[in-house]
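S.K.: Let me begin by handing over the structure; questions about it come next.
The values are calculated or read from the model by the stated rules, or taken from the named source; none is laboratory data. This structure is a prediction, so every number in the text was calculated from the model and none was measured. Reconstructed Cβ throughout: ideal geometry from the backbone, glycine too, with neighbour counts over all protein chains shown.
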């Protein structure tokens, strides 16, 4: 079993087991979770495919199984399913135990944040990864206020996003320190937290935030239509 797969397995085991906890009952939402995850996973896998092909980042062969989907290790494909699932489990737990409240945030704040992100993508001296991640960060705050503003101003959403950074730091440190995942220095700013490129913090927010917002939207639709 590869080191990359062991990291994923260690990340998934607690959320998966506790999905069947009698009070939380997150297992009843697993079908909604995967409907929310799959389109976002596809977008990020396409991004991953082209960046790997261009050698903006890559994978050390001694830490992966050697099985590939196109040019991506099977572990990398599983990453975009397992890690978002873990974030949805965290979100479900936060919603169950904490009382939610709407934050006093106007849509215009998100529009300004989106514009600032686009500007930052143009002026930062990093490479292709830096540019693309800030473009996607800007698109996130341009698109989602229209698609799911209610969740975007939810205190539980932001508490969840803060909590996800703890496992994010642990997992990304384990991936980037050997390194299992390596980065071409010409494609990033070069600044790192421990061994984690700064861009990865924004990348994680876009990935997990999109999945959570999708999940809430789909769940609300199912509730209104009285679907299982």
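S.K.: Can you pull out every residue in segment 91-115 that is within 24 Å of residue 139 (Cβ to Cβ) and either assigned to a helix (DSSP H, G or I) or under 21 Å from the mean Cα position of the chain (by Cα) (or both)?
M.R.: 91, 107, 108, 109, 110, 111, 112, 113, 114, 115
S.K.: So which residues in segment 186-227 are touching a residue at least 24 places away in the same chain (Cβ under 8 Å) and farther than 27 Å from residue 143 by Cβ?
M.R.: From segment 186-227, those touching a residue at least 24 places away in the same chain (Cβ under 8 Å) are 186-190, 193-194, 196-197, 199-219, 222; that's our starting set.
Those that are touching a residue at least 24 places away in the same chain (Cβ under 8 Å) and farther than 27 Å from residue 143 by Cβ: 186, 190, 193, 194.
S.K.: Residue check: is residue 157 under 18 Å from the mean Cα position of the chain (by Cα), touching a residue at least 40 places away in the same chain (Cβ under 8 Å), over 16 Å from residue 202 (Cβ atoms) and surrounded by 17 or more Cβ atoms within 10 Å (Cβ to Cβ)? Walk me through it before giving the result.
M.R.: Values: under 18 Å from the mean Cα position of the chain (by Cα): yes; touching a residue at least 40 places away in the same chain (Cβ under 8 Å): yes; over 16 Å from residue 202 (Cβ atoms): yes; surrounded by 17 or more Cβ atoms within 10 Å (Cβ to Cβ): yes.
Yes; evaluated as a whole, the condition is true for this residue.
S.K.: Which residues, taken from segment 169-183, are part of a helix (DSSP H, G or I) and surrounded by fewer than 22 Cβ atoms within 10 Å (Cβ to Cβ)?
M.R.: At the first step, the residues of segment 169-183 found to be part of a helix (DSSP H, G or I) are 169-176.
Answer for segment 169-183, where residues must be part of a helix (DSSP H, G or I) and surrounded by fewer than 22 Cβ atoms within 10 Å (Cβ to Cβ): 169, 170, 171, 173, 174, 176.
S.K.: Right, next: Going residue by residue through segment 185-192, is there one that turns out to be at positive phi and modelled with pLDDT under 95? It would help to see each step written out before you state the result.
M.R.: Going through segment 185-192, the residues at positive phi turn out to be 190.
Going one step further and asking which of them are modelled with pLDDT under 95, we end up with 190.
Scanning segment 185-192, I find at least one residue that is at positive phi and modelled with pLDDT under 95, so the answer is yes.
S.K.: Would you be able to say whether some residue in segment 66-74 is surrounded by fewer than 20 Cβ atoms within 10 Å (Cβ to Cβ) and under 14 Å from residue 171 (Cβ atoms)?
M.R.: There is no residue in segment 66-74 that is surrounded by fewer than 20 Cβ atoms within 10 Å (Cβ to Cβ) and under 14 Å from residue 171 (Cβ atoms).
S.K.: OK, next. Checking the condition surrounded by fewer than 20 Cβ atoms within 10 Å (Cβ to Cβ), at pLDDT 95 or above and touching a strand residue (DSSP E or B) at 6+ places or on another chain (Cβ under 7 Å), which residue from 51, 5, 34 passes? It would help to see each step written out before you state the result.
M.R.: Values: 5 fails: touching a strand residue (DSSP E or B) at 6+ places or on another chain (Cβ under 7 Å); 34 fails: touching a strand residue (DSSP E or B) at 6+ places or on another chain (Cβ under 7 Å).
Of the residues listed, the single one that is surrounded by fewer than 20 Cβ atoms within 10 Å (Cβ to Cβ), at pLDDT 95 or above and touching a strand residue (DSSP E or B) at 6+ places or on another chain (Cβ under 7 Å) is 51.
S.K.: If we scan segment 127-141, do we find a residue that is touching a strand residue (DSSP E or B) at 6+ places or on another chain (Cβ under 8 Å), more than 18 Å from residue 76 (Cβ to Cβ) and touching a residue at least 24 places away in the same chain (Cβ under 8 Å)?
M.R.: Going through segment 127-141, the residues touching a strand residue (DSSP E or B) at 6+ places or on another chain (Cβ under 8 Å) turn out to be 129.
Now drop any that are not more than 18 Å from residue 76 (Cβ to Cβ), which leaves none.
Within segment 127-141, not a single residue is touching a strand residue (DSSP E or B) at 6+ places or on another chain (Cβ under 8 Å), more than 18 Å from residue 76 (Cβ to Cβ) and touching a residue at least 24 places away in the same chain (Cβ under 8 Å).
S.K.: Which condition breaks for residue 126 when tested against (1) over 30 Å from residue 13 (Cα atoms); (2) under 21 Å from the mean Cα position of the chain (by Cα); (3) at pLDDT below 95?
M.R.: (2)
S.K.: From the list 150, 226, pick out the single residue that is part of a loop (DSSP other than H, G, I, E, B) and within 29 Å of residue 32 (Cβ to Cβ). Write out each step before concluding.
M.R.: Working: 150 fails: part of a loop (DSSP other than H, G, I, E, B).
226 is the lone residue from the list that is part of a loop (DSSP other than H, G, I, E, B) and within 29 Å of residue 32 (Cβ to Cβ).
S.K.: Further question: If you take the residues of segment 17-27 that are in contact (Cβ under 8 Å) with a residue 60 or more places away in the chain and surrounded by fewer than 18 Cβ atoms within 10 Å (Cβ to Cβ), which of them is nearest to the chain's Cα centre (by Cα)?
M.R.: Filtering first and then ranking leaves 18.
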